[in-house]
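Trainee: I'd like to ask some things about the structure below.
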Amino acid sequence: AGRYPEVRFLLSHDIHTSRRKYLQKGVPDAALESAIYFRAHETRTFPCPKGPLTVSTLRSTDLGVAFLIRCGGRYIYHAGDLNWWLWKGDSKQEAGNMAANFKREIDTLAGLTLELAFVPLDPRQEEYYGLGINYLLDTAQIRHLFPMHFWDDYAVIPRYQAEFPQMAQRTQLHLIEREGQVWELSDEA
């Protein structure tokens, strides 16, 4: 925030705390003043050189919110913890509620083309790890898909490609192999 005074940090309202606590954790004043907090199903519009930048949120199936950002007719999606969290041992009611809640949120993306999507691919879910990504790929077009939330188990991405080749072919699935990896993507439509 100090280096880029125009930066804004888009955050979920549920992590908001007192200024004193943020300062104790070493968060600089400039960052605090640049933070914008969102609740689920909220939309705000900000000025941007390529036209208005619109930020909408979806309700998470865990903590926080998911973000859908639109600028210049293009979309970026960050799922946060919005995922189809199905676990061994879940009751039929828990599984049904999770599926319904997840689908209700993701269905709002139906028909969109997402330039970038950051989506959980969590190997802790065992055989259910691909449910969320698969449903999203059936719902929206995604140009560049970046898996996340895989707890340093980088092998889950090629595993997904091998187990779900028909889904992996619907997008450019980016293989993440280490922390700090960088991609340069073209701005072409």
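The values are calculated or read from the model by the stated rules, or taken from the named source; none is laboratory data. This structure is a prediction, so every number in the text was calculated from the model and none was measured. Positions of Cβ are generated from backbone atoms using ideal geometry, with glycine treated the same way; all protein chains shown enter the neighbour counts. Ligands, DNA and RNA are stripped out before the accessible areas are found, and what is left, the full protein with its side chains, is counted by its heavy atoms. Shrake-Rupley method; radii C 1.70, N 1.55, O 1.52, S 1.80 Å.
Trainee: Can you tell me which residue is farthest from D81 (Cα to Cα) among those in region 92-110 that are open to solvent by 30 Å² or more (accessible area, probe 1.4 Å) and touching a helix residue (DSSP H, G or I) at 6+ places or on another chain (Cβ under 8 Å)?
Mentor: Among them, the one singled out is A110.
Trainee: Taking the conditions exactly as written (among the acidic types (D, E), surrounded by 11 or more Cβ atoms within 10 Å (Cβ to Cβ) and more than 30 Å from Q125 (Cα to Cα)), does D14 satisfy them or not? Let's see the steps before the verdict.
Mentor: Details: among the acidic types (D, E): yes; surrounded by 11 or more Cβ atoms within 10 Å (Cβ to Cβ): yes; more than 30 Å from Q125 (Cα to Cα): no.
Spelling it out, it is not the case that D14 is among the acidic types (D, E), surrounded by 11 or more Cβ atoms within 10 Å (Cβ to Cβ) and more than 30 Å from Q125 (Cα to Cα).
Trainee: Right, here's the next one. Would you mind telling me which numbered condition in (1) of a type outside the set (D, E); (2) assigned to a loop (DSSP other than H, G, I, E, B); (3) under 30 Å from R104 (Cβ atoms); (4) out of contact with any Gly (no Cβ under 9 Å at 6 or more places or on another chain) R44 fails?
Mentor: All conditions pass for R44, except number (2).
Trainee: Quick one: which strands (runs of 3 or more DSSP E) sit completely within region 58-168 and have at least 1 residues that are touching a residue at least 24 places away in the same chain (Cβ under 8 Å) and more than 18 Å from the chain's Cα centre (by Cα)? Show your work before the answer.
Mentor: On the way: elements: 65-71, 74-78, 113-120, 141-148.
Because the criterion is at least 1 residues that are touching a residue at least 24 places away in the same chain (Cβ under 8 Å) and more than 18 Å from the chain's Cα centre (by Cα), no strands (runs of 3 or more DSSP E) in region 58-168 meet it.
Trainee: Name the residue, out of F9, F38, F46, that is surrounded by 14 or more Cβ atoms within 10 Å (Cβ to Cβ) and aromatic (F, W, Y). Give the derivation first.
Mentor: On the way: F9 fails: surrounded by 14 or more Cβ atoms within 10 Å (Cβ to Cβ); F46 fails: surrounded by 14 or more Cβ atoms within 10 Å (Cβ to Cβ).
That would be F38, the only listed residue that is surrounded by 14 or more Cβ atoms within 10 Å (Cβ to Cβ) and aromatic (F, W, Y).
Trainee: A further question on this structure: Open to solvent by less than 60 Å² (accessible area, probe 1.4 Å) and touching an Asp or Glu at 6+ places or on another chain (Cβ under 6 Å): which single residue out of G64, G73 fits that description? Walk me through how you get there before you give the answer.
Mentor: Details: G73 fails: touching an Asp or Glu at 6+ places or on another chain (Cβ under 6 Å).
None of the other options fit; the residue is G64.
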